[in-house]
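The values are calculated or read from the model by the stated rules, or taken from the named source; none is laboratory data. Predicted model, so just to flag it, every value in this text is computed and none were measured. Because the Cβ atoms are built from the backbone with ideal geometry, glycine has one as well, and the counts that use them run over all protein chains shown. For accessibility, only protein heavy atoms count, side chains too; no ligands or nucleic acids. Shrake-Rupley method; radii C 1.70, N 1.55, O 1.52, S 1.80 Å.
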Amino acid sequence: KIAREANVFQGEKISYNLIRDAIMKKSDELKLVKTIEFSPEEGKYHWDGHRLCGIVLNPEDSLKYNNLCPHCGKMLTIGVANRVMKLSDRKQKEKSTNAVPFVKIIPLEELVADVLKFGVGAKAVKDNYNKLIKIFGNELKILLEVKKEEIIKAGFPEIAEGIERVRQGNIQINPGYDGEFGKINIFGENEQLKITKTQETLWTL
């Protein structure tokens, strides 16, 4: 996963000590301006749950059941979000006054796969991915910097729309639980996409 987690610094020079000081906000030469993140909901143990019973619960709901599976009565596998809630010194979604900005990304291959409704390992997904890299240079640039209009002009309007939705946070996430990865849906199940002829031809390359 290219740059699954990344830090963006700004400055003329860079070194171990400058990076350390920038993270601690003690440097005037180098600044930590933002971080790049995956959605934590994608993790295998984000929410609480019991995989064998198909039960997945947010921390508040788990508390109502005393952390016991409402189906079988056994102890739930407690997720990361539950632990975070217990350790937190502020309410959910309440930002720290000195928090560093962050942006969330979805790996480009996963995004393309969601658009084409194929698995990530499908040849059509790899063909489209490689074509985008060849045109625009690298994955982070495509996900964060290239304008939607440029991607459309290159012949990928549906992928451009997917990228724009991720940038705006306009996606649906089913959090992971009890060893199951979370699932991200950029387009709704009933949302019909009109795949362009450019992308249709790439499928058969």
Completion exercise
For PRO175, the lone unmet condition from (1) out of contact with any strand residue (DSSP E or B) (no Cβ under 8 Å at 6 or more places or on another chain); (2) buried (at least 19 other Cβ atoms within 10 Å of the Cβ) is (1)
Exercise for the section: Would you mind stating whether GLY11 is among the small types (Gly, Ala, Ser) and either under 18 Å from GLU139 (Cβ atoms) or open to solvent by 40 Å² or more (accessible area, probe 1.4 Å) (or both)? Expected result: yes
Practice task
Exactly one condition in (1) under 30 Å from ILE23 (Cα atoms); (2) of a type in the set (A, V, I, L, M, F, W, C); (3) not in a helix (DSSP H, G or I) is not met by VAL120; state its number.
Solution key: (1)
Practice task
Quick one: count up the residues across segment 63-100 that are within 24 Å of LYS25 (Cβ to Cβ), part of a loop (DSSP other than H, G, I, E, B), open to solvent by less than 100 Å² (accessible area, probe 1.4 Å) and not charged (D, E, K, R).
Solution key: 5
Exercise for the section: Given the conditions (1) over 28 Å from VAL33 (Cα atoms); (2) within 19 Å of the chain's Cα centre (by Cα), report the number of the one that LEU111 does not fulfil. Expected result: (1)
Problem - Boolean, ASN128 is polar (S, T, N, Q) and either touching a Gly at 6+ places or on another chain (Cβ under 8 Å) or open to solvent by 50 Å² or more (accessible area, probe 1.4 Å) (or both) - result: no
Handout entry: Pairs where the first residue, in segment 125-149, is on the phi < 0 side of the Ramachandran plot and the second is among the aromatic types (Phe, Trp, Tyr) and at pLDDT below 95, C-beta under 6 Å, 6+ apart
Key = VAL125/PHE118
Practice task
Taking only segment 131-153 into account, find how many residues are over 21 Å from PHE38 (Cβ atoms) and open to solvent by 30 Å² or more (accessible area, probe 1.4 Å).
Solution key: 10
Practice task
Scan segment 28-62 for residues that are part of a loop (DSSP other than H, G, I, E, B) and either buried (at least 20 other Cβ atoms within 10 Å of the Cβ) or within 27 Å of the chain's Cα centre (by Cα) (or both) and jot them down.
Solution key: SER39, GLY43, LYS44, TYR45, HIS46, GLY54, ASN58
Fill in the blank from the handout: Expected output for segment 77-94 (first residue over 15 Å from TYR45 (Cβ atoms), partner surrounded by 10 or more Cβ atoms within 10 Å (Cβ to Cβ) and of a type in the set (Ser, Thr, Tyr), Cβ below 9 Å, 6+ apart or cross-chain) is GLU94/SER88
Completion exercise
The condition from (1) open to solvent by 80 Å² or more (accessible area, probe 1.4 Å); (2) more than 23 Å from GLN172 (Cβ to Cβ); (3) in contact with a Lys or Arg (Cβ under 8 Å, 6 or more places away or on another chain) that TYR16 misses is numbered (3)
Exercise for the section: With the checklist (1) at pLDDT 95 or above; (2) over 19 Å from ILE106 (Cβ atoms) in hand, flag the one item LYS131 doesn't pass. Expected result: (2)
